[in-house]
Amino acid sequence: MTQPYMFEKPLGLRDLLPPAQRATAQLEDLFHNELNRWGYDFLRTPALEFAETIGRASAIEDGQLFKFFDAEGHPVVLRPDMTTPIARIAASSLRGQPLPLRLAYTANLYRSQKREGGHPSEFEQTGAELIGDGTPYADVEVISLMISLLEKTGLESIRVAVGHVGFVNAFFYDMVKDKETVRRLRHLLYNKNDVGFREYVASLNLSEAAAGKLNRFVDSRRLDNAATLDYLKTLTSGAAMPVHSYYQNILELLDLLKIDRLDGKIDLDITLVPHLSYYTGFVFQGFGGGLGFPVASGGRYDDLLAQFNRPCPATGFGIRLDRLMSAVKTDDRKAGLRKGPRKLAVIYDHEHAEEALRFANQVRDAGKTVVLQHSGGIDDPDAFAGQFTTIRRFLTQERTETGE
Amino acid sequence: MKDSLITVAMPKGRIFGDACRLLRKAGFALPETFETTRKLIFDLEDEPFRFILAKPVDVPTYVEYGAVDIGIAGKDVLLESGRDVYEVVDLGISKCHMAVAGLPGHRGVHPFLKIATKYPHIASDYYRKRGEQVELIALNGSIELAPIVGLADAIVDIVSTGRTLKDNGLVEYDRLMDISSRLIVNPVSYRMKKQAIDRIIEKIIGITEGTKIGMD
């Protein structure tokens, strides 16, 4: 690459200037409080992890990892997700703690991209992981929690698409009896390539009945929840055992969501297959605010902890703060955040330093924002004064208050 | 109100006429002036539809970012751009195929095969799968010139009738894949405006099923 200009940053990285940072911090606080109320404990992990452990287990494409060597020559990565580091902790430092564990985080994640704007390489995510509970009640809890967090932000028209990759895998295997073919079918679903899916099915030499069943599977995305459930039921007849139990799980989940009165926000879509390959059961994505990308996603990952030698079921989600920021509607609250808090300026000189400091601290103790500024450090007095609604001067020549 | 409005990106150029005919057949009341207008945005009078007229290679971009809900795009453009959109229906219109072509009798004699193309990803993918390393030269149009003037040994491009190749004395070496236009949908629009979009998909499937020709 050519020599960078002084103002440039590496590709896909962003600055958060004070107005955006204020809005982000407010979201962080909101999420922090709500997650605490649900009994989730926050933790932090390092930004760097070993490539052989977290890098591999995170299931992020190699090309998307920021990968380099530490001082000892070990390949390390900037963490591309938080679920994997939390799985590492749950399996090691928190090994002695009774299950289920409820853990939460707010962290910056790193995924390299070579494409263009709108896909930052570093983004902030808040998430929760419920580890050690394999029942659909745990799935309902994390979905409800995710919706609750999104609602707290004022995000409009929230919808959550819910699928089940375990069901997809079991059903496909029943149809084609070959793991590699299942992987390719699932990959076409992940690529959202319905046309390619049908073409691949046609190329497989399946019985007409099996091919028809696979094609109808893709079409089922167009069914509403009740019709999807009816359709899934037809798939269970004559199917192998896992398909049956996954179907029961799906029924239970929808019933439980009904109790929480969340079923109106749920779009049951069995064709939903996310990119992270560690998911094993329910998967979901949250949308809202008219944004063209999902603001949140998650799912069940029952095999991930086994990679860290503590096999146990787990489920969780992450909310992308960068996307949420552009999805939440600009209202008066946000306009207020753009301007920031009302600030009082106290301008003083050497003779009045103690007096000014005492005054500023009194106002600060009262919960107000005060900027304490020596007059000698001001370059342009009018421009400086223009930033404040109220100015208090502690100066030898004048001692006045301007503004309201 | 805004939620019920469906926005559609239409590709200008080669596919445009076919796409308009198809949409009219599916029951959209596109105005007579649709094909001749210079306007880039067009609202239907009686139905909540807004059409934007974009360069074909840009259609998947508008759809991926959610700037529009759905679009019509060639499979060539979709493969090249690799955008994250639902490819829901093969419209079976504007059919052609992707091919390798060049001068008769001249098939890569030296170790560095130079390939000129508008589709560097598709071309690179094709040669990598064959286990060949080639040098790609990206061009934007009139690709057929490249082998004639000695810029490249061969080209990777779409061929519809084969007339342009023939008129310029080129022959097809290999056929990569069949190409036709697809209906694509933004993944979030598909969730948020599901009923309206499903209705459109069903209408379009209804008319394409009759004309669909299987893979050859």
Checklist entry - Any idea which of (1) within 14 Å of chain B (Cβ to nearest Cβ); (2) in contact (Cβ under 8 Å) with a residue 60 or more places away in the chain is the one A:ASP194 doesn't satisfy? => result (2)
Checklist entry - Among A:ARG310, A:ARG323, which is among the basic types (Lys, Arg) and either within 19 Å of A:ASN108 (Cβ to Cβ) or part of a helix (DSSP H, G or I) (or both)? => result A:ARG323
Checklist outcome for this item: Checked against (1) within 14 Å of chain B (Cβ to nearest Cβ); (2) in contact with an Asp or Glu (Cβ under 9 Å, 6 or more places away or on another chain); (3) part of a loop (DSSP other than H, G, I, E, B), A:THR280 satisfies every condition except (1)
Checklist entry - Where in the stretch B:161-212 are there helices (runs of 4 or more DSSP H), lying wholly inside it, with at least 1 residues that are over 30 Å from B:LEU103 (Cβ atoms) and within 14 Å of another protein chain (Cβ to nearest Cβ)? => result B:187-192, B:194-211
Next on the checklist: Being farther than 25 Å from A:LEU253 by Cα and acidic (Asp, Glu) is the filter here; which residues of the stretch A:174-183 pass it?
Outcome noted: A:ASP178, A:GLU180
Item to check | Residues being over 17 Å from A:LEU262 (Cα atoms) and either surrounded by 22 or more Cβ atoms within 10 Å (Cβ to Cβ) or not assigned by TED's automatic domain parsing to the domain that holds A:TYR190 (or both) - total across the stretch A:126-150 | outcome: 6
Next on the checklist: Quick check on the stretch A:291-307: of everything there that is in contact with a Cys (Cβ under 9 Å, 6 or more places away or on another chain) and either outside the structural domain of A:SER93 (by TED's automatic domain parsing) or in a helix (DSSP H, G or I) (or both), which residue is surrounded by the fewest Cβ atoms within 10 Å (Cβ to Cβ)?
Outcome noted: A:ALA306
Checklist entry - Which one is nearest to A:LEU232 (Cα to Cα), of the residues in the stretch A:245-277 that are among the hydroxyl-bearing types (Ser, Thr, Tyr) and either away from chain B (no Cβ under 14 Å) or surrounded by fewer than 18 Cβ atoms within 10 Å (Cβ to Cβ) (or both)? => result A:TYR247
Checklist outcome for this item: Picked from the stretch A:375-391 (must be within 18 Å of A:GLU351 (Cα to Cα) and more than 44 Å from the chain's Cα centre (by Cα)), the residue surrounded by the most Cβ atoms within 10 Å (Cβ to Cβ) is A:SER375
Checklist entry - Which of (1) basic (Lys, Arg); (2) more than 30 Å from A:SER157 (Cβ to Cβ); (3) buried (at least 20 other Cβ atoms within 10 Å of the Cβ) does B:LYS95 not meet, given it meets every other one? => result (3)
Checklist entry - So which residues in the stretch B:42-86 are within 9 Å of chain A (Cβ to nearest Cβ), touching a residue at least 40 places away in the same chain (Cβ under 8 Å) and assigned to a helix (DSSP H, G or I)? => result B:VAL63, B:GLU64, B:LYS75, B:LEU78
Checklist outcome for this item: Quick count over the stretch A:151-173, residues being more than 14 Å from every other protein chain (Cβ to nearest Cβ) and either crowded, with 24+ Cβ neighbours inside 10 Å or closer than 17 Å to A:ASN249 by Cβ (or both), is 8
Checklist entry - Considering A:LEU16, A:LEU78, A:LEU27, which residue is surrounded by fewer than 16 Cβ atoms within 10 Å (Cβ to Cβ), under 20 Å from the mean Cα position of the chain (by Cα), under 21 Å from A:HIS119 (Cβ atoms) and of a type in the set (A, V, I, L, M)? => result A:LEU16
Next on the checklist: Taking the conditions exactly as written (farther than 25 Å from A:THR106 by Cβ, of a type in the set (Phe, Trp, Tyr) and in contact with a Phe, Trp or Tyr (Cβ under 9 Å, 6 or more places away or on another chain)), does A:TYR279 satisfy them or not?
Outcome noted: no
Checklist entry - Does the stretch B:87-95 include one or more residues that are within 12 Å of chain A (Cβ to nearest Cβ) and either among the hydroxyl-bearing types (Ser, Thr, Tyr) or in a loop (DSSP other than H, G, I, E, B) (or both)? => result yes
Checklist entry - Is at least one residue of the stretch B:132-152 over 23 Å from B:MET10 (Cβ atoms), touching a Pro at 6+ places or on another chain (Cβ under 6 Å) and surrounded by fewer than 16 Cβ atoms within 10 Å (Cβ to Cβ)? => result yes
Next on the checklist: Taking the criterion of being within 14 Å of chain A (Cβ to nearest Cβ) and either part of a helix (DSSP H, G or I) or crowded, with 16+ Cβ neighbours inside 10 Å (or both), would at least one residue in the stretch B:7-23 satisfy it?
Outcome noted: yes
Next on the checklist: Any residue that is touching a Pro at 6+ places or on another chain (Cβ under 9 Å), more than 16 Å from A:ASP139 (Cα to Cα) and within 14 Å of chain B (Cβ to nearest Cβ) - is there at least one of those in the stretch A:228-240?
Outcome noted: no
Checklist outcome for this item: The number of residues in the stretch A:235-244 that are loosely packed, with under 13 Cβ neighbours inside 10 Å and free of Cβ contacts under 8 Å to residues at least 12 places away in the same chain is 3
Item to check | Candidates A:THR45, A:THR24, filtered to the one that is touching a residue at least 12 places away in the same chain (Cβ under 8 Å), closer than 30 Å to A:ILE147 by Cβ, assigned to a loop (DSSP other than H, G, I, E, B) and among the β-branched types (Val, Ile, Thr) | outcome: A:THR45
Next on the checklist: One residue is enough: does the stretch A:279-290 have a residue meeting the conditions touching a Ser or Thr at 6+ places or on another chain (Cβ under 8 Å), surrounded by fewer than 24 Cβ atoms within 10 Å (Cβ to Cβ) and not small (Gly, Ala, Ser)?
Outcome noted: no
Checklist outcome for this item: A:THR2 fails exactly one of (1) assigned by TED's automatic domain parsing to the domain that holds A:ASP139; (2) of a type in the set (Ser, Thr, Tyr); (3) without any contact (Cβ under 8 Å) to a residue 60 or more places away in the chain, namely (1)
Checklist entry - Pairs, please: C-beta under 6 Å, at least 6 apart or cross-chain, first residue of a type in the set (Gly, Ala, Ser) and in the stretch A:200-217, second surrounded by 13 or more Cβ atoms within 10 Å (Cβ to Cβ)? => result A:ALA210/A:MET175; A:ALA211/A:VAL201
Next on the checklist: So the check is Cβ under 9 Å with 6+ separation or different chains; which pairs have a first residue in the stretch B:132-159 that's closer than 17 Å to B:ASP76 by Cα and free of Cβ contacts under 8 Å to residues at least 40 places away in the same chain and a second one that's among the hydrophobic types (A, V, I, L, M, F, W, C) and surrounded by fewer than 21 Cβ atoms within 10 Å (Cβ to Cβ)?
Outcome noted: B:LEU139/B:LEU145; B:LEU139/B:LEU151
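The values are calculated or read from the model by the stated rules, or taken from the named source; none is laboratory data. Since the model is a prediction, treat every value here as computed from it, not as a measurement. When we count neighbours, we look across all protein chains shown, and the Cβ atoms used for this are built from the backbone with ideal geometry, even at glycine.
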